[in-house]
Amino acid sequence: MSSQTGSNQAKAAGFMRGTDLSTLAPGMTFPVTWSFENTGSSVWDGRYTFVYSDTPHPETEAYPRGPLSQRAAYAITEIGAPAQVPPGGMAQLTVTIVAPRTAGTHATNWQLQAPDGTRFGPIRWLHVAVAAHAATPPLPPPPQTKPLAPEPTSWRQVIWSITSIFESGAPEGNPAAYQNKDAGIVSFGKHQATLGSGNLERVLQAYFQRSSSAASQALQQEYALRVQQKEESLRHDDRFKQLLLEAAKEPAMNEAQDEIFEQKFYAPILERAKKLGVTSPLGLACLYDTHIQGGLDYVLEGMTKNIGVRAVGESGTSGPVAEPGWLRAFLDEREARLNRLAALRESEGKLTDAEWLRTSTFRVTELRHLLDSGNLDLVGELRVRSHRLQGLRDKAEAILNRQPDTGTEPSSVIDLLPYIKGDGRQYEIKNAWGSQERLQTQADGGNFYHVKNAQWEQFFHDDHFIYRDIDTSPGNNRFYRQKDADLPRGSRWLRRHMAIGETHTQARRVQFFQKADGSPSAENSGDVTDTIKLVAHHAKHRFPTGIELNDVIELEWVNGRERYFYAKNYGLVGWERKHDDPHTPPWSAISEIHQHGSREPFTRERLTTVSW
């Protein structure tokens, strides 16, 4: 791998570790810090990432390798780099390493990556030696293992901190946060009380009872009636804005904001959570944040329609739903509703509102990260939008109050990666009309590719998602890229761990390009929202070609009414359409399996590199 691309160059400038790497307990976590000097002419910023590299390295090629972290890619600014690293500047990048649960020596490689996906600088590596048993004696078993007892009063601060990051960009909340860009007309304060909903009026009335300051008197005399009438003209009233910002400096305003949101939002959500059977801090955070943004009842109604349940424990399409599965369905429906509303606003010509709604799905993404980590109790240090939050309890107390962690996923949840990412074997796919093509998965650096003859689709992954980026197979000598608004590249195609019946909905931007010169193509480009559903897991599945494979998952592209079959260690082995397009065959399926290693690897077609 070249150490530079264009003006992107780096050299190693130090390494620090948080523990002895020669005797680690299975599952142990600790920080390591790799330092780099920017020796090129470019300025590194939040678009630059630090990514896992599967490229063999002399120091690690003899050992099993993996990211050994919760994710396989991090923006450098979220792991220690300043907002900008100029030429000659230094970046200290700290990654939390998680020791594997399998005894033996394991390795990992990491490298810097430019915004266009090009790797540069030296590959940094690490060995960890995991002991057969924990290096320290385990904690004695508690007299009773039980989940954390409900303590909604003590939970409130952490839950509010999560929503405050979403609403005002700071975990402690910003009493002076102000925006006037959405349908709420004016949104103000640490909880973003809106003029349109009437909550800003309630906050101001509570403030008036506490304060007789000049700002309080001016707001009462000049604006109380206009606020009560929710006047649209207040959106652009500079004096109103300045008086609000002046009031925000007073403790009375901070207290008024908390009082109203305790009464109008948090307390009602506690009662709603009891009725829904939601008992975890994370569950309460999901309900509260949805209620703050609006549309909780619509989300719950959508769940009833889609999976047949409204409360935790009810039986739906896949039997009784436990809280983690219920929360996944809840967040999926919340995300889908935001995207539906965005499409509606766009059809009405309200493009600013549509963009705001699409962008706001980041809230769902952040809550889903917490859910996927399994931390329903919100214990220990939390990471939300690159902010570090102190959770409800420390790690030791959490261990004493919960069942031991076995390190395995619940049996109802499937890790989809071993199905999507094949092991390099080659096989033939034949369609109902008789045409045939050869398939193979190829790994290269942190990416893997589904290769059909010479055409390919590009994937990468971390512990939470499987991502897609480039696809060279749409025809007409074109290829396309896809990207989520908050990512440097690629789109979250699937959650990595899903249960049967679960869906994943994601809004993304798709851009087509000409293969000949990389020039953009407007046809078929634009914003799309897709839903993928995990339909089934088959212990055995027989395809129309007569071949039967073990361990097959079945996915549905809901929007396009197509289904896809992935066999463990193979990759994509078949697909079928549920629509009536006469120009495509009704099915394609695996028709011949080549002995592993008996064929030369494909040479993937080359493209003109395009930045996007």
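The values are calculated or read from the model by the stated rules, or taken from the named source; none is laboratory data. From a predicted model like this one, the values you see are computed outputs, not experimental measurements. Virtual Cβ from ideal backbone geometry, glycine too; neighbours counted across all protein chains shown. For accessibility, only protein heavy atoms count, side chains too; no ligands or nucleic acids. Shrake-Rupley method; radii C 1.70, N 1.55, O 1.52, S 1.80 Å.
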- Task: Run down LYS395, LYS430 and say which single residue is open to solvent by 70 Å² or more (accessible area, probe 1.4 Å) and either under 29 Å from ASN453 (Cβ atoms) or at pLDDT 90 or above (or both).
- Result: LYS430
- Pick out the one residue from LEU327, LEU357 that is part of a helix (DSSP H, G or I), at pLDDT 90 or above and buried (at least 18 other Cβ atoms within 10 Å of the Cβ). LEU327
- Qualifying positions in the range 544-568 - open to solvent by 30 Å² or more (accessible area, probe 1.4 Å), assigned to a strand (DSSP E or B) and over 16 Å from SER588 (Cβ atoms): GLU548, ASN550, ASP551
- Can we say THR153 is at pLDDT below 85, surrounded by fewer than 21 Cβ atoms within 10 Å (Cβ to Cβ) and either in contact with a Lys or Arg (Cβ under 6 Å, 6 or more places away or on another chain) or outside any loop (DSSP other than H, G, I, E, B) (or both)? yes
- Enumeration of residues in the range 195-216 that are open to solvent by 30 Å² or more (accessible area, probe 1.4 Å), outside any loop (DSSP other than H, G, I, E, B) and under 21 Å from HIS236 (Cα atoms): GLU201, ARG202
- Would you mind finding the one in GLY526, GLY546 that is under 25 Å from the mean Cα position of the chain (by Cα) and at positive phi? GLY526
- strands (runs of 3 or more DSSP E) wholly inside the range 417-464 containing at least 3 residues that are under 25 Å from PHE50 (Cα atoms): 436-444, 447-452, 455-461
- Task: Looking only at the range 258-301, count how many residues are β-branched (Val, Ile, Thr) and not in a helix (DSSP H, G or I).
- Result: 2
- ALA114 at pLDDT below 55, farther than 30 Å from PRO268 by Cβ and surrounded by 12 or more Cβ atoms within 10 Å (Cβ to Cβ): no
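Please specify each residue of the range 63-105 satisfying the condition of being β-branched (Val, Ile, Thr), open to solvent by less than 20 Å² (accessible area, probe 1.4 Å) and at pLDDT below 90.
Within the range 63-105, ILE79, VAL95, ILE97 qualify.
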- Odd one out for ASP54 among (1) acidic (Asp, Glu); (2) open to solvent by 50 Å² or more (accessible area, probe 1.4 Å); (3) under 30 Å from ARG481 (Cα atoms): (2)
- Query: Any residue at all in the range 303-312 that is under 19 Å from PHE166 (Cα atoms), assigned to a helix (DSSP H, G or I) and of a type outside the set (Asp, Glu)?
  - Reply: no
